[in-house]
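The next block holds one structure in the form of structure tokens; read it before the comments.
Every read-out reported here was derived from the displayed coordinates using simple, explicitly stated rules and does not represent laboratory data. The structure presented is a predicted model; accordingly, all values stated were derived computationally and were not measured. Please note: Cβ atoms are built from the backbone with ideal geometry, for glycine as well, and neighbour counts cover all protein chains shown.
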Amino acid sequence: MDIDVSPLILNWQFILTGLGFTISLSLLSIILGAAIGIFGGVARTYGGPLLDTIVGVYVDLVRSIPVLAILVWTYFAFPLVIGESLTPFTGGVLALGVHLGAYITETIRAGLTSVRPGQMRAALALGMSRTQAIRTIILPQAVIRMLPPLGSLIVIAVKDSAIASVIAVPELLRQSQVLAGKTFRPFEIYTSAMLIYFLICYPTARMIDRIYRNLAPLGAS
């Protein structure tokens, strides 16, 4: 098998455009998922039985459905509910963010409950409100403990962004598919795409692991 990288060299801007969409899609879905996860995790831990049940239903529902099914439903069916069409990119962000949010919710809940209950009682005894105690005492410790699973979820979010290719989001995999079809060089194109994903995900995972090792003593309680 002969290897020809000239299609990559000649079309590097095409691939770079896909990489830009991959990064944007990943970042926005992570931000949306984090917002959902923070609210959901705090609600499940401190919001009382009703909020715990409501958020729990969302978590169980989303985690029981394949992300691809959520993506397709969001892009094709959700517009019928709201009466507005979605761009592929917007549909991808919403679907991936909602999917990721369910996992971040449980990660945050686990982190919050890992902090000894006595710290909350002590903070309340000192005159702090529950919100102040969560923000200044509980959450800083919990965040450190959550770093390893959150790091894994960030990497998963980047990899899951490739699924958006099925609704024609021009991210890295979609651009690679188009280029491979035009140049008839699937080996070189798809191998390069895999390498780019690796160069994004592996350093990210190692960086988060390093941050956690440095901060781990601060999360002890």
Item to check | Amide N of region 10-50 lying under 11 Å from the label point, which is placed 7 angstrom from the Cα of residue 113 along Cα→Cβ | outcome: 44-46
Item to check | Full-stretch length increase - residue 2, residue 132 - with 0.36 nm per residue and alpha-carbon distance subtracted | outcome: 40.4 nm
Checklist entry - In which sequence would 204, 136 go, from the one with the fewest C-beta neighbours within 10 Å to the one with the most? => result 136, 204
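State, as an integer percentage, the relative contact order of the chain based on alpha-carbon contacts under 8 Å between residues 6 or more apart.
Here the relative contact order equals 29 percent.
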Item to check | Gained length - residue 19 relative to residue 194, 0.36 nm times residue gap less alpha-carbon distance | outcome: 61.8 nm
Checklist entry - Expressed as an acute angle from 0 to 90° and rounded to the nearest 10, what is the orientation of the C-alpha long axis of helix 12-46 relative to the principal long axis of the chain? => result 20
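Normalise the Cα radius of gyration of the chain by 2.2 N^0.38 Å (N = residues in it) and let me know the number.
Details: Rg = 20.8 Å, N = 221, 2.2 N^0.38 = 17.1 Å.
Taking N as the residue count of the chain, the ratio is 1.22.
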Checklist entry - Any idea how far apart residue 52 and residue 143 come out in nm if each label point goes 7 Å out from Cα toward Cβ? => result 2.6
Checklist outcome for this item: Neighbour-count ranking for 85, 165, 26 (other C-beta within 10 angstrom, fewest to most) reads 85, 165, 26
Next on the checklist: Counting each pair of different Cα atoms once, what's the Kirkwood radius of region 53-129 in Å, rounded to one decimal?
Outcome noted: 14.9
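Rounded, prolate or oblate, given the Cα gyration tensor of region 22-87, with a/c below 1.5 counting as rounded? Don't jump to the answer; show the numbers that get you there.
Numbers: a/c = 2.13, a/b = 1.54, b/c = 1.38.
Judged from the Cα gyration tensor, region 22-87 comes out prolate (a/c at least 1.5, a/b above b/c).
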Item to check | Rounded Å value of the spacing that divides the Cα centres of region 131-202 and region 85-109 | outcome: 13
Next on the checklist: With n ≥ 4 as the cut-off for DSSP H runs, can you work out [θ] at 222 nm for the chain, using -39500 (n - 2.57) per run divided by the number of residues, rounded to the nearest 500?
Outcome noted: -25500 deg cm²/dmol
Item to check | From phi via Karplus (6.51, -1.76, 1.60), per-residue ³J(HN,Hα) for region 123-140 in Hz, x at Gly/Pro | outcome: 5, 5, 5, 7, x, 6, 7, 4, 5, 4, 5, 5, 5, 9, 10, 6, 4, x
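For region 173-221, run through the chymotrypsin sites (Phe, Trp or Tyr not before Pro) and keep only the ones in DSSP coil with at most 14 other Cβ atoms within 10 Å of their Cβ. Mind showing how you got there, number by number?
Details: sites: 184, 187, 190, 197, 198, 212; in loops: 184.
For chymotrypsin sites (Phe, Trp or Tyr not before Pro) across region 173-221 that sit outside H, G, I, E and B with at most 14 neighbouring Cβ atoms in 10 Å, the list reads 184.
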